[in-house]
Amino acid sequence: MQGAVRVVPSAGMGAFTLLVAAAPSVVLLSYFYLRDRYDREPLGHLAIAYLLGMYAMVAAQGLSTAAAGLVAPQWLAERGEGALLFDAFFLAGLIEEFSKWVILMAAVYHWSEVDESLDGLIYGVAIALGFATLENLLYLQRLGLGVAWPRAVFAVPAHALFGGAMGFYAGRAKFDHDAPGVAAGTRRRRLLGDHLSCLLVPTLFHGTYDFALMHGLDWKAWSAVTGISIGLWAFVLHRVTRAQRASPYRPKTMPPARHR
């Protein structure tokens, strides 16, 4: 989420600022890691995904800077509705989520450790939180610790939820289209839909979130962001529950999973 502020690192980063920047991501990653009840991912692989998310943040900044050069600087600076839409949905939403998506699909998706649908969601969250940690660090460096609280409550969880939505569809695309009795054409359509949703759903969530914030930090904007955040939590946690019920590692003594 870098549409509102462009940030660059400097050398004097204190350990306390680093701790404050990373703490929300560590807490959220722990929370989602514990949702993987039946076959938890190796911590080493989770750490690699987290670090790859930081790399995605660097790539996104470069791509966003290049893409901003495609339009007139004055048009962006005037902050009209068209410019805000471009900033929120393209410079922030699409480019940032695309950077995470490349990491997820080009690397993590093919790991042997990704062996059920829920794993896609967990690794999607890990990548997104690595991204969010570095972004948070740069924002705190630029704007001071005063922004730490609202970013911990809104921005960092939002990144986790964007990543969770992305990872859910990636996991479903990898594992959930081999049911017997389903026509090949239907399987192909569902597979294509999940691959498209893997990028488009988090992009739309991200763009909507940033577009609301770009209209000012008054009570209306924060009310909109709060509503979007609640909707995101409901969307992702519902899919966590679905993936848990469908897990092949779920004990056979538990009630059968309901049809999804």
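Where a number appears in this text, it was derived from the coordinates with a stated rule and is not lab data. Every value quoted in this text rests on a predicted model; they were computed, and no experiment measured them. FYI the Cβ positions are ideal-geometry reconstructions off the backbone, even for glycines, and counts take in every protein chain you see.
Scanning the stretch 73-107 for residues that are of a type outside the set (A, V, I, L, M), under 18 Å from Gly164 (Cα atoms) and surrounded by fewer than 22 Cβ atoms within 10 Å (Cβ to Cβ) yields a single hit, Phe98. Restricting the first member to the stretch 23-42 and to residues that are within 18 Å of Ser112 (Cα to Cα) and without any contact (Cβ under 8 Å) to a residue 40 or more places away in the chain, and the second to residues that are part of a loop (DSSP other than H, G, I, E, B) and of a type in the set (Lys, Arg), no beta-carbon pair is closer than 9 Å while six or more apart or on different chains. Would you confirm whether any residue within the stretch 47-64 is surrounded by fewer than 18 Cβ atoms within 10 Å (Cβ to Cβ), of a type in the set (S, T, N, Q) and more than 18 Å from Val156 (Cβ to Cβ)? Taking every residue of the stretch 47-64 in turn, none turns out to be surrounded by fewer than 18 Cβ atoms within 10 Å (Cβ to Cβ), of a type in the set (S, T, N, Q) and more than 18 Å from Val156 (Cβ to Cβ).
Going residue by residue through the stretch 166-178, is there one that turns out to be among the acidic types (Asp, Glu) and outside any helix (DSSP H, G or I)? Full working, then the answer.
Our first condition is that a residue be among the acidic types (Asp, Glu); within the stretch 166-178, this holds for 176, 178.
Then drop every residue that is not outside any helix (DSSP H, G or I), which leaves 176, 178.
Looking for residues that are among the acidic types (Asp, Glu) and outside any helix (DSSP H, G or I), one finds at least one in the stretch 166-178, hence yes.
Of the helices (runs of 4 or more DSSP H) entirely within the stretch 59-157, those holding at least 1 residues that are over 30 Å from Pro42 (Cα atoms) and of a type in the set (Asp, Glu) occupy 73-78, 81-85. For the criterion of being in contact (Cβ under 8 Å) with a residue 12 or more places away in the chain, under 19 Å from Tyr55 (Cβ atoms), of a type outside the set (Lys, Arg) and in contact with a helix residue (DSSP H, G or I) (Cβ under 8 Å, 6 or more places away or on another chain), Leu84 fails.
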